[in-house]
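One structure is given below, encoded as structure tokens.
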Amino acid sequence: MSIRLVTLNTVVVIGISLLLLLPACVGTPDVNGNSKQNLTPAGKGAYILCEGLSGQNNTTLWRYSFFHSQSVTTQDYFTSANPGLKLGDTGNALKMKGDTAYIPITSNGMIEIMNISTGKSLGRIILNGTKRAPRDITIVNDTIGYISDFHTHSLTRFNPTTFTITQDLIAVGYAPEAIVSTSKYVFVANSGFGDYAYDHPEIKAQNISIVDVATNTEIAVIPAGPNVQSLHINRAKNLLYALYTHLPRFDKDSLGGVVEIDITTFKEIRRWPYKVSKNFALSQSGDSLLLLNSQGLSILHTVGNNTPNVVVKAKANENWYGVHVSPFDGSIFIANARQYTTKGEVILFNQQWNIINTFQVGINPNATIFFP
């Protein structure tokens with residue numbers, strides 16, 4: 001099996017060759033610079049990934065300091081920490097293991113690997129083939145991780161410590177997006193490209209594939225709903241939550257919603273029809289879901305017989321694109337994409353739903369990780 005790993009040292013030594021291989025991923029140095037700024041402030045922090053616009057090579061990364069209550073840089077942090085290097089085109093997820101972050105760059109068919117403390121690039125895993133589209137990542141343990149591939153309808157297994165591919169093209173459903181895992185199983189959201197699945201009922205989509213980690217094979221499929229895209233696991237209760245949105249052609253008439261699944265029996269427990277956007281989050285306790293839609297942010301208390309309740313309303317010119325809960329103080333990070341074509345912002349709320357901070361980020365902020 002051919003495996004390609006590009007390290008930062010390789011970038012320095014054979015920069016010309018890398019430019020030929022990855023023209024959309026490498027840019028010019030950050031001429032505005034932050035040479036006098038401290039790019040690695042002490043204390044807790046967060047990274048916010050901004051996917052940019054497809055075809056524009058403008059995925060960016062922003063670092064937030066809890067101690068200073070502000071962004072560390074006023075432009076792309078990744079380029080500031082790695083002069084001459086850009087993340088690439090359409091970064092769709094941001095996952096971490098220890099002090100290492102993994103960023104699937106969908107349009108470039110690669111995974112950027114970065115040291116969290118320093119922001120320095122550690123290397124890139126490039127998926128084999130010309131039509132690869134990594135969408136999400138899950139880390140099972142120190143030696144096993146999986147990448148979902150939107151175009152080949154498959155998973156790639158890799159070693160998150162050595163950054164090497166161990167098995168490629170593990171068949172799942174159509175257009176897999178979010179993936180999450182336990183020590184035994186990987187759960188895969190098969191979106192089916194939205195409307196495409198509606199027109200092609202013969203494809204395996206609108207469901208969740210379950211892959212056995214021991215054998216790397218799909219062992220079960222759970223029905224979910226149209227355009228299922230996002231997943232979260234409540235590990236304490238062995239529950240999987242899957243968010244399905246709607247079919248674009250029926251946007252005005254269909255709701256979407258959330259389905260709750262027992263991950264020990266693979267059986268659906270219940271579901272809540274609700275108008276939802278792509279991303280959602282678990283509360284710190286795991287007993288509530290934070291849901292986004294055009295109205296703003298809703299809370300769904302999953303203990304008992306409850307329905308979602310709007311707690312914060314978005315302004316007319318805002319589009320809330322992602323929601324994340326800080327493990328440090330319970331503050332809520334709302335990624336506001338505004339009109340999707342200009343720089344976005346992050347809005348911080350406390351647990352009483354008061355705004356405590358805002359800061360500007362790149363175009364289409366979508367994913368966040370927190371680090372001590």
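Just one residue in the set ILE208, ILE125, ILE139 is in contact with a Lys or Arg (Cβ under 8 Å, 6 or more places away or on another chain) and crowded, with 22+ Cβ neighbours inside 10 Å; that residue is ILE125.
Within the bounds of the stretch 24-35, is there any residue that is in contact with a strand residue (DSSP E or B) (Cβ under 9 Å, 6 or more places away or on another chain), hydrophobic (A, V, I, L, M, F, W, C), modelled with pLDDT under 95 and within 19 Å of ASP136 (Cα to Cα)? Taking every residue of the stretch 24-35 in turn, at least one turns out to be in contact with a strand residue (DSSP E or B) (Cβ under 9 Å, 6 or more places away or on another chain), hydrophobic (A, V, I, L, M, F, W, C), modelled with pLDDT under 95 and within 19 Å of ASP136 (Cα to Cα).
From the list VAL213, VAL188, the lone residue that is more than 20 Å from ALA175 (Cβ to Cβ) and among the aliphatic types (A, V, I, L, M) is VAL213.
Just to verify a result, which residue in the stretch 329-340, among those that are modelled with pLDDT of 95 or more and polar (S, T, N, Q), is surrounded by the fewest Cβ atoms within 10 Å (Cβ to Cβ)? Once the filter is applied, the top-ranked residue is SER331. Take the residues in the stretch 36-60 that are within 14 Å of ASN92 (Cα to Cα) and out of contact with any strand residue (DSSP E or B) (no Cβ under 9 Å at 6 or more places or on another chain), then tell me which one is surrounded by the most Cβ atoms within 10 Å (Cβ to Cβ). Restricting to residues being within 14 Å of ASN92 (Cα to Cα) and out of contact with any strand residue (DSSP E or B) (no Cβ under 9 Å at 6 or more places or on another chain), the top hit is ASN57.
Scanning the stretch 291-344 for residues that are in contact with a Lys or Arg (Cβ under 7 Å, 6 or more places away or on another chain), within 28 Å of SER65 (Cβ to Cβ) and not in a loop (DSSP other than H, G, I, E, B) turns up GLY296, GLY344.
Could you tell me whether any residue of the stretch 222-231 is polar (S, T, N, Q), under 17 Å from PHE280 (Cβ atoms) and not in a strand (DSSP E or B)? Checked the stretch 222-231: at least one residue is polar (S, T, N, Q), under 17 Å from PHE280 (Cβ atoms) and not in a strand (DSSP E or B). Of the residues ASN238, ASN216, which is surrounded by fewer than 24 Cβ atoms within 10 Å (Cβ to Cβ), more than 22 Å from the chain's Cα centre (by Cα) and on the phi > 0 side of the Ramachandran plot? Only one candidate qualifies: ASN216. Within the stretch 346-368, being part of a strand (DSSP E or B), surrounded by fewer than 18 Cβ atoms within 10 Å (Cβ to Cβ) and of a type outside the set (Ser, Thr, Tyr) holds for ILE355, ILE356, ASN357, PHE359, GLN360.
Taken together, the criteria place ALA197 among residues that are part of a helix (DSSP H, G or I), modelled with pLDDT under 95 and surrounded by 23 or more Cβ atoms within 10 Å (Cβ to Cβ).
Residue check: ILE222 meets all listed conditions (1) of a type in the set (Val, Ile, Thr); (2) crowded, with 18+ Cβ neighbours inside 10 Å; (3) within 9 Å of GLY173 (Cα to Cα) but one, namely (3).
Evaluation of SER288 against the conditions (1) loosely packed, with under 15 Cβ neighbours inside 10 Å; (2) touching a His at 6+ places or on another chain (Cβ under 7 Å); (3) not aliphatic (A, V, I, L, M) shows that the sole unmet condition is (1). Taking first residues from the stretch 261-281 that are in contact (Cβ under 8 Å) with a residue 60 or more places away in the chain and partners that are surrounded by fewer than 20 Cβ atoms within 10 Å (Cβ to Cβ) and part of a loop (DSSP other than H, G, I, E, B), the Cβ contacts under 8 Å between residues at least 6 apart in sequence or on separate chains come to ILE263/THR182; ILE263/ASN238.
Find the residue count for the stretch 142-172, including only residues that are part of a strand (DSSP E or B) and crowded, with 18+ Cβ neighbours inside 10 Å. Total meeting the criteria: 13.
If only residues of the stretch 95-109 that are of a type in the set (A, V, I, L, M) and buried (at least 24 other Cβ atoms within 10 Å of the Cβ) are counted, the one that is nearest to the chain's Cα centre (by Cα) is ILE103.
May I ask you to verify whether LEU247 is in contact with a helix residue (DSSP H, G or I) (Cβ under 6 Å, 6 or more places away or on another chain) and hydrophobic (A, V, I, L, M, F, W, C)? Against the criterion (in contact with a helix residue (DSSP H, G or I) (Cβ under 6 Å, 6 or more places away or on another chain) and hydrophobic (A, V, I, L, M, F, W, C)), LEU247 qualifies.
Just for the stretch 291-302: of the residues that are of a type in the set (S, T, N, Q) and surrounded by fewer than 18 Cβ atoms within 10 Å (Cβ to Cβ), which one is nearest to ASN190 (Cα to Cα)? Out of the qualifying residues, it is SER294.
The values are calculated or read from the model by the stated rules, or taken from the named source; none is laboratory data. Keep in mind that what you see is a predicted model, and the values were worked out from it rather than measured. Quick reminder, even Gly has a Cβ in these numbers, built from the backbone with ideal geometry, and neighbours come from all protein chains shown.
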